[in-house]
Amino acid sequence: MAYSGRARESYQNELANLRDQGLFKEERYIHAPQGAEIEVEFPTGNPPRKVINMCANNYLGLSSHPEVVAAAHAGLDHRGYGMSSVRFICGTQDIHRELENKLTEFLGTEDTLLFPSCMDANAGVFEAVLSEQDVMIADRLVHASIVDGMRLCKAMQDTFKHSDMGHLEEKLVEHQDKRFRMVITDGVFSMDGDIARLDAIVALAEKHDAMVFVDDSHASGFIGKTGRGTHEHCGVVGRMDVITTTLGKALGGASGGCVSGRRELVEMCRQRARPYLFSNTVAPVIVSGALKVLDLISATTERRDKLETNTVYWRKLLTDAGFDIKPGESPIVPVMLYNAKLAQDVARDLFAEGIYVVGFFFPVVAKGQARIRTQLSAAHEKHHLDAAIAAFVKVGKKYGILGLGKNQIIEKYGL
Amino acid sequence: MAKAPTIEIPLPEGVQPSKLDLELLKATFQAIATLRTERGREWEEVLCQLERDGWNVHWGLCWHAEAKRGEDFEQASGKTLDGTFAELAQLARLDMVGHCP
């Protein structure tokens, strides 16, 4: 037997270490469709209980929208369950190209290619379009999938300090000897919810002859006046070279992602991106649902506007109650607690109060930056947020953190 | 496994080598030992095979640097110490804090 007792013991020890360090991830079983209120079995084996969900990426509340579900059913009926193929053999249906065209139009780009996920899009895009003669210059807080994609690419890797345009310009000047320069950033950063300064980045890139790449997974569908994303918010639609994004968050929340941008770059991905070439096509049922999502959000900004209203309201509720939050305008609202154990305890007590949130701490965020990441949805009604703040205040009082700033919380609980 | 044989070389009296000096001496002697003892072994067959397969192979001695922090591990190599450490630093910068999903 190849899986020896020594191997088993080694893995068991490693898993035990993760538990000891408080880093072990446990899944919680949800007995309901995704939504503002869900039924969660936690701890495992307990009867499911109804809680308000404040931690989903269901920004537009479309994950279980009846019209999306109906479109997915219709797609299942008319195009089947699976394609049993990669795209370039016999896995491309008319609806795949239709969705790519719609995404191109929605994002204001030249062409789009679907991937099984945005993780796959990011894993494949750099290697497909850059070589050892080029350089990638990434914001230091980009998503893990971008880091993985950069590691798979032979181009030189460099970084600039988070949102520091001066440092970015230094790097662009430093790498003028390279064939191509590509500036890489998230649109909305998932840890803090802050928005990339794409207008400044694009201006610098144009000045120093560089391409601009943005992962807009936490923005597509709701950031910007009509929800096109960070490039719309920053007034640079049409000036982006590569946008990657996901269908797994605001755009229906199922799965799938894409690379969208300059026609030649997208075509290079179609020819060379390994996650596209060697993994199965996005299932027809998901494509059909995503097409309906794009119809819905192109017809009206109602859901995006409601999300914005909810975000402003929730940020005000937390601020007025005396919580220390990361300022900003995105629906990612981190409640800062700094201490890892405190973040875990507060999340646990909030769950007991019927609010589903998760504590984030090292290594997911930097040491001493533990927090609870709350996320708003257009599916939230005012009464959900009022109930949530009541629970937050109750738990906040229990731990004596209301009105305390960073230094005071650290003084009280340590790091 | 038997311990690899080592040689000790007395330094001239009064010489206080820095850590860098010692690394340089060690690397130099290792390179000489490698060149003296490995010529004509498996690596030449590998090289020939690669060239038969159409690869244009360049090779030579280089600097190698490794950095470890917890579970993060990076390694880089290059023709110069500056180049090697620049590459190591770039790779290490990619080991940023965890990232939310």
Checklist outcome for this item: Once amide hydrogens are built 1.01 Å from N within the peptide plane, the residues lying 5 or more places from A:Val212 or on another chain with amide H under 5 Å from its amide H are A:Val183, A:Asp241, A:Val242
Checklist entry - Any idea what the dipole of chain B comes to, in debye rounded to 20, about its Cα centre with Lys/Arg Cβ at +1 and Asp/Glu Cβ at -1? => result 160 debye
Item to check | aspartates and glutamates with Cα under 13 Å of A:Lys154, excluding same-chain neighbours fewer than 8 positions away | outcome: A:Glu127, A:Glu132, A:Asp134, B:Glu87
Next on the checklist: So if I place +1 on the C-beta of Lys and Arg and -1 on the C-beta of Asp and Glu, and nothing else carries charge, what would the dipole magnitude of the stretch A:142-218 be about its Cα centre? I want it in debye, nearest 20.
Outcome noted: 340 debye
Checklist entry - Which whole-Hz couplings ³J(HN,Hα) result when phi for each residue of the stretch A:20-27 is put into the Karplus expression 6.51 cos²θ - 1.76 cosθ + 1.60, θ = phi - 60°, listed in order with x for Gly and Pro? => result 4, 7, x, 9, 6, 8, 10, 7
Item to check | Listed residues B:Leu94, B:Phe73, B:Leu61: farthest to the positive end of the dipole of chain B (Cβ charges) | outcome: B:Leu61
Next on the checklist: With +1 assigned to the C-beta of every Lys and Arg and -1 to the C-beta of every Asp and Glu, and no other charges, what is the dipole magnitude of the protein assembly as shown about the Cα centre in debye, to the nearest 20?
Outcome noted: 1080 debye
Next on the checklist: Using a 1.4 Å probe and counting only protein heavy atoms, how much accessible surface gets buried when B and A come together, both sides summed, in Å² to the nearest 100?
Outcome noted: 1600 Å²
Checklist outcome for this item: Here the stretch B:81-89 yields Karplus 3J(HN,Hα) values (6.51, -1.76, 1.60; θ = phi - 60°; whole Hz; Gly and Pro given as x) of 4, 4, x, 5, 6, 4, 5, 4, 5
Item to check | Whole-Hz couplings from phi, Karplus 6.51/-1.76/1.60, listed for the stretch A:398-403; x for Gly and Pro | outcome: 4, 9, x, 10, 5, x
Checklist entry - Once amide H atoms are placed 1.01 Å from N in the peptide plane, what residues at a sequence separation of 5 or more from A:Phe160, or on another chain, have their amide H within under 5 Å of its amide H? => result A:Ala138, A:Asp139, A:Arg140
Checklist entry - What is the Cα radius of gyration of the stretch B:1-77 over 2.2 N^0.38 Å, N being its residue count? => result 1.53
Item to check | the stretch A:92-140 and the stretch A:307-363: distance between their alpha carbon centers, rounded to Å | outcome: 33 Å
Next on the checklist: Accessible area per residue for the stretch A:41-86 in Å², computed with a 1.4 Å probe and the full protein assembly in place, what is it?
Outcome noted: 52 Å²
Item to check | Restraint check, A:Lys225/A:Lys412; A:Lys292/A:Lys341; A:Lys102/A:Lys178; A:Lys25/A:Lys326; A:Lys382/A:Lys406, Cα-Cα greater than 31 Å | outcome: A:Lys225/A:Lys412; A:Lys292/A:Lys341; A:Lys102/A:Lys178
Item to check | Expected-Rg normalisation [2.2 N^0.38 Å, Cα atoms] applied to the protein assembly as shown | outcome: 1.12
Item to check | A:Ile223 long-range amide H proximity, modeled H, under 5 Å | outcome: A:Gly229
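The values are calculated or read from the model by the stated rules, or taken from the named source; none is laboratory data. Remember, predicted model here, so these are calculated numbers, not experimental data. Note: ideal-geometry Cβ built from the backbone for every residue, glycine included; neighbour counts use all protein chains shown. Accessible surface is based on the protein model in full, side chains and every heavy atom, while ligands, DNA and RNA are left aside. Shrake-Rupley method; radii C 1.70, N 1.55, O 1.52, S 1.80 Å.
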